[in-house]
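See structure below.
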Amino acid sequence: KNQVEQSPQSLIILEGKNCTLQCNYTVSPFSNLRWYKQDTGRGPVSLTIMTFSENTKSNGRYTATLDADTKQSSLHITASQLSDSASYICVVSFLYNNNDMRFGAGTRLTVKP
Amino acid sequence: DGGITQSPKYLFRKEGQNVTLSCEQNLNHDAMYWYRQDPGQGLRLIYYSQIVNDFQKGDIAEGYSVSREKKESFPLTVTSAQKNPTAFYLCASSLMVTDTQYFGPGTRLTVL
């Protein structure tokens with residue numbers, strides 16, 4: 001059973017609109033949570049990283065939130081652009097072994113003009 | 001993709017043949033990783049190396065082999081023992097295991 005579940009699986013929005021992607025995890029004990037953006041046919045690029053003590057982290061128009069109590073994270077994209085079209089991947093690391101990470105299957109975001 | 005490169009971008013192989021995927025980084029990172037990505041699934045760790053001349057199996061190491069003779073290089077060999085090798089392979093590196101990983105552009109392997 002995948003320990004990191006992302007929703008929705010795919011999402012289509014109009015350019016300029018906001019959207020929120022969800023990540024629920026069961027990884028325990030938990031060390032940190034990262035969000036990556038992956039363009040089609042390319043390697044993922046890091047957007048944010050949060051430890052269990054952080055609630056929010058921003059990177060430009062991307063804002064990630066974390067609720068370690070409910071084991072939920074979200075990635076909010078503001079004023080979407082066509083270049084935001086990509087897959088967004090949530091990754092959770094185990095506390096005692098940072099090499100042991102669990103990757104979500106990703107949310108495929110399409111921004112249309 | 002930073003200073004991490006993978007080659008080739010596309011690779012075709014006949015069933016039963018071994019093939020080696022290249023991964024090079026000039027970021028002076030100690031740790032390097034190989035992942036496999038399949039449609040609709042999260043990345044899965046094949047092998048990782050925290051330091052030169054040392055590497056560890058990940059979740060799906062069967063049918064794969066690696067070497068880490070140089071800090072900059074971490075080649076992955078997909079052997080004929082790998083039953084379903086067609087996939088997108090991603091290499092990554094990080095300064096230390098606790099740091100953000102930087103990914104290469106990937107190699108798409110297709111077995112004919």
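Loop-resident trypsin sites (Lys or Arg not before Pro) (DSSP state other than H, G, I, E or B) in the range A:24-113 with no more than 12 further Cβ atoms inside 10 Å of their Cβ are absent. Lysine pair count for the protein assembly as shown (Cα-Cα distance under 25 Å; residues 8 or more apart in sequence or on different chains): 20. For chain A, the Cα-based Rg and Dmax, in that order, read 13.4, 45 Å. Mean separation of Cα pairs under 8 Å and 6 or more residues apart, divided by the residue count, gives the range B:51-112 a relative contact order of 24 percent. The range A:10-29 and the range B:30-82 have Cα centres spaced 29 Å apart. In order along the range A:81-96, the Karplus-derived 3J(HN,Hα) couplings, from 6.51 cos²θ - 1.76 cosθ + 1.60 at θ = phi - 60°, round to 10, 4, 6, 6, 4, 4, 9, 10, 10, 9, 10, 10, 9, 6, 5, 9 Hz, and Gly and Pro are given as x. Here's the picture: charge each Lys and Arg Cβ at +1 and each Asp and Glu Cβ at -1 in chain B, and of B:TYR35, B:THR100, B:SER49 the one pushed furthest to the positive end of that dipole is B:TYR35. Unpaired cysteine residues in chain A (no second Cys Cβ under 4.7 Å): A:CYS19. Per-residue 3J(HN,Hα) values for the range B:90-106, derived from phi via the Karplus relation 6.51 cos²θ - 1.76 cosθ + 1.60 with θ = phi - 60°, read 10, 9, 9, 9, 8, 4, 9, 5, 8, 8, 4, 8, 9, 9, x, x, x Hz in sequence order (x marks Gly and Pro).
For chain A, a Gaussian network of Cα nodes joined below 10 Å ranks A:ASP100, A:ASP67, A:ASP84 by mean-square fluctuation, and the top entry is A:ASP100.
Placing +1 on each Lys and Arg Cβ and -1 on each Asp and Glu Cβ, with no other charges, gives chain B a dipole about its Cα centre of roughly 360 debye.
Divide the volume of the convex hull around the Cα atoms of chain B by the residue count and you get 92 Å³ per residue.
Every number here is computed from the coordinates shown, using simple stated rules; none is lab data. It should be emphasised that the depicted structure is a prediction, and the values quoted were computed from it without experimental measurement. Neighbour counts run over all protein chains shown; Cβ positions are idealised from the backbone, glycine included.
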